[in-house]
Amino acid sequence: MKDITVQVYKEPGFEDLPIPAYQSEGAAGVDLHAAVESPVDLRPGEFKRVSTGIRIAIPEGFEGQVRPRSGLAGKHGIGVVNSPGTIDSDYRGTVGVILINLGSGIFRITRGMRIAQLVFAPVQKALLVSSQELPESKRNTGGFGSTG
């Protein structure tokens, strides 16, 4: 698959923060950094929107998926509320991450901390059509837990 180009704009006041980058050759996502003026405490059970201080231009036909960092989740119980959060290709506002503290202690977010990861993925559009009935399937209307 061919690489895509994503333009990154740093908001004024956050020029010192690195732009998102892959941390290893096989990494699927780039790390997003906290753009906070001063440390922010996230208490157990609390969630807050944390700015990354960047705006991005994702090419048409792709989306950005904001996901938790496994290290923060495993060590501190920090997750992303709407995981994965979607950044549409036509969004040009500041990228924010809604972090939640599912751990037992206060988690301190500091300037430049890697708080989430962003994975770029192709988007397949669907043509939705109204129908009076749907074709039968083996599963049919079986919902949550119906397959074991």
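Restricting to segment 12-37, and then to whatever is aliphatic (A, V, I, L, M) and outside any loop (DSSP other than H, G, I, E, B), can you tell me which residue is nearest to Leu99 (Cα to Cα)? Filtering segment 12-37 for residues that are aliphatic (A, V, I, L, M) and outside any loop (DSSP other than H, G, I, E, B), the one nearest to Leu99 (Cα to Cα) comes out as Leu32.
Take the residues of segment 38-80 that are polar (S, T, N, Q) and assigned to a strand (DSSP E or B): which is surrounded by the most Cβ atoms within 10 Å (Cβ to Cβ)? Within segment 38-80, the match that is surrounded by the most Cβ atoms within 10 Å (Cβ to Cβ) is Thr52. Only a single criterion out of (1) surrounded by 10 or more Cβ atoms within 10 Å (Cβ to Cβ); (2) of a type in the set (Gly, Ala, Ser); (3) more than 30 Å from Pro18 (Cα to Cα) is not satisfied by Gly148, namely (1). Selection within segment 100-143: residues that are of a type in the set (D, E, K, R) and free of Cβ contacts under 8 Å to residues at least 60 places away in the same chain. The member of this set that is nearest to Ala27 (Cα to Cα) is Lys125. Summed over segment 24-49, the residues that are basic (Lys, Arg) and more than 28 Å from Val6 (Cα to Cα) give a count of 1. Please find, among Thr94, Thr110, the residue that is closer than 16 Å to Asp41 by Cβ and in contact with a strand residue (DSSP E or B) (Cβ under 9 Å, 6 or more places away or on another chain). Selected residue: Thr110, the only one of Thr94, Thr110 that is closer than 16 Å to Asp41 by Cβ and in contact with a strand residue (DSSP E or B) (Cβ under 9 Å, 6 or more places away or on another chain).
Throughout, read-outs are computed from the coordinates displayed, never taken from laboratory work. In this text the structure is predicted, and so the values were computed from the model without any measurement. Here the Cβ is made from the backbone with ideal geometry for all residues, glycine too, and neighbour counts use every protein chain on show.
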